[in-house]
Amino acid sequence: MSAPTLGRAPTIDVDPFCDEVLADPIPLQRELRAAGPVVHLSTYDILAFARYEQVHAALVDWQGFQSAAGVGLTNFRTEQPWRPPSLLLEADPPHHDAPRRVLQKILSPRALRSLREKWFADAEELVDEVFGHGPRVVDIDAVTELTEAFPLRVFPDAVGIPQEGRENLLPYGDHLFNTFGPRNHLVEEGEPRAGDLLAWTSRQCRRDVLAPGGFGAEIWSAADRGDILVDQAPLIVRSLLSAGVDTTVHGLSAVLHAFATHPDQWARLRETPAAARVAFDEAVRWESPVQVFFRTATRDIEIGGRTVPEGHKILMFLGAANRDEQHWGAEADRFDLGRDPSGHVGFGMGIHQCVGQHVARLEAEALLTALARRVERLEPTGPPRRHLNNTLRSWESLPLRAHLA
Ligand code: EJD
């Protein structure tokens, strides 16, 4: 009964997780949107949505499209997950809700107010270290020197983990985000280290390891108050370390790459530094650091004129939805500070929408503000290099020249 339903949707045979597509997903995104509201991907025999309307509809319908069966290609109903499932990401109401409430409060704009001044000062300090006080023109690799350096300087401290072993954070996240895709060469190459990386990350989640006053300790306090169970606390800390590092690094890379390739927009930011926040959201829309996510149909569900059969995985192309001309207009491919990017699905939508988005925005605002003060003009000095990941759209290297103010 399910086969004929799948058969009626237009079929695309391209593997969205092959190296060529991961290196440049834009042509496939276009092809998927043009093919129809629901597309059959023959490589994995799954249905996919690439138009804004269906991606948005699937994201907000948590009853119809569940997360507890896994938000990767692996179906937790029939296959073993590689790590104990997340209490937030890989959960549905009612189990999802208490952990979500706890993190939402700890990461709320109100709670982050106490970090703001510190992070703005940390960004100034980093920018001073990178550009010094000598020459007026400085060549950098924006990835290692800024977009990795800044989150690694502020976020692990904010969580409260020790210094030792922090070099594991990015490789752990890189493997985790690969595992949401198929078991291709990217996953296989990560597997030898995966057990050690997960073990290290899990050890940082213990009460006795976490510094007082940090997000981690706050999670343990919530357990003491009874807001969550004590044995849930370590897994909720793990969510911070899983979702909070690579994502912000690649989000910051996206916005710096956007500015380096759109000098008129950098000039605009320099004139209006308050545009830093909207610039970051526009870059998240434009680049979609989190490209794709899966859900699982809990019953036969009508969407886009087709039926998704119960138990089937669907793939949502967040990056494609964020450039859908039907929603964003003919200029959807342009990075434009004049646009209102709100409603983008780069942070998801609905009950699972990124709980750390205010942390990400604060990091971006701090770094962009410090850069806008010192840097008059940014330009690429060589070809940027992609880092391939099954979920994340990311840069390995962004060689830039900064002309200082
Ligand atoms: C994620 C898309 C976790 C976890 C939560 C969220 C993500 C990853 C891991 C960030 C998904 O709870 O472990 S962007």
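The values are calculated or read from the model by the stated rules, or taken from the named source; none is laboratory data. Bear in mind that the values here come from a model prediction, so they are computed numbers and not experimental data. Ideal geometry is used to build each Cβ from the backbone, glycine not excepted, and the neighbour counts take in all protein chains shown. The area values use the complete protein model at the heavy-atom level, side chains included, leaving out ligands, DNA and RNA. Shrake-Rupley method; radii C 1.70, N 1.55, O 1.52, S 1.80 Å.
General observations
- Of all the listed residues (Val187, Val154, Val138), the sole one being part of a helix (DSSP H, G or I) and closer than 30 Å to Ala405 by Cβ is Val154.
- Selection status of Ala243, touching an Asp or Glu at 6+ places or on another chain (Cβ under 8 Å) and of a type in the set (A, V, I, L, M, F, W, C): no
- Qualifying residue in region 45-54 (condition: open to solvent by 40 Å² or more (accessible area, probe 1.4 Å) and outside any loop (DSSP other than H, G, I, E, B)): yes
- Output for region 268-292, where each listed residue is among the small types (Gly, Ala, Ser) and either within 16 Å of the ligand (Cβ to nearest atom) or touching a residue at least 60 places away in the same chain (Cβ under 8 Å) (or both): Ala275, Ala276, Ala279, Ala283, Ser288
- Within region 143-190, the set of residues being under 17 Å from the mean Cα position of the chain (by Cα) and open to solvent by 20 Å² or more (accessible area, probe 1.4 Å) comprises Glu148, Leu152, Leu170, Pro171, Asp174, Thr179.
- Residue within region 314-331 that is in contact with a Leu (Cβ under 9 Å, 6 or more places away or on another chain), surrounded by 17 or more Cβ atoms within 10 Å (Cβ to Cβ) and part of a loop (DSSP other than H, G, I, E, B) present: no
- Considering Arg116, Arg136, the condition of being in contact with a helix residue (DSSP H, G or I) (Cβ under 9 Å, 6 or more places away or on another chain) and open to solvent by 30 Å² or more (accessible area, probe 1.4 Å) is satisfied by Arg116 alone.
Residues checked against (1) within 25 Å of Leu126 (Cβ to Cβ); (2) of a type in the set (Val, Ile, Thr); (3) surrounded by 17 or more Cβ atoms within 10 Å (Cβ to Cβ):
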{"site": "Gln353", "(1), (2), (3)": "no, no, no"}
{"site": "Val359", "(1), (2), (3)": "yes, yes, yes"}
{"site": "Leu362", "(1), (2), (3)": "yes, no, yes"}
{"site": "Glu365", "(1), (2), (3)": "yes, no, yes"}
{"site": "Arg373", "(1), (2), (3)": "yes, no, no"}
{"site": "Leu378", "(1), (2), (3)": "yes, no, yes"}
{"site": "Pro384", "(1), (2), (3)": "yes, no, yes"}
{"site": "Leu392", "(1), (2), (3)": "yes, no, yes"}
{"site": "Ser397", "(1), (2), (3)": "yes, no, no"}
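- Residue in region 167-180 that is away from the ligand (no atom under 16 Å from the Cβ), over 24 Å from Ala283 (Cα atoms) and not β-branched (Val, Ile, Thr) present: yes
- Restricted to region 229-258, and to residues there that are in contact (Cβ under 8 Å) with a residue 12 or more places away in the chain and outside any helix (DSSP H, G or I), the residue that is farthest from the ligand (Cβ to nearest atom) is Val245.
- If the condition is being under 17 Å from Arg83 (Cα atoms), touching a residue at least 12 places away in the same chain (Cβ under 8 Å), assigned to a helix (DSSP H, G or I) and within 16 Å of the ligand (Cβ to nearest atom), then region 190-221 contributes Gly190, Ala194, Leu197, Leu198, Trp200, Thr201, Ser202.
Here is a yes/no grid of residues against (1) touching a strand residue (DSSP E or B) at 6+ places or on another chain (Cβ under 6 Å); (2) of a type in the set (A, V, I, L, M):
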residue: Arg113; (1), (2): no, no
residue: Arg136; (1), (2): yes, no
residue: Thr147; (1), (2): no, no
residue: Val154; (1), (2): no, yes
residue: Val159; (1), (2): no, yes
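- Test for Asp300: is it modelled with pLDDT of 95 or more, more than 30 Å from Gly36 (Cβ to Cβ), away from the ligand (no atom under 16 Å from the Cβ) and surrounded by fewer than 22 Cβ atoms within 10 Å (Cβ to Cβ): no
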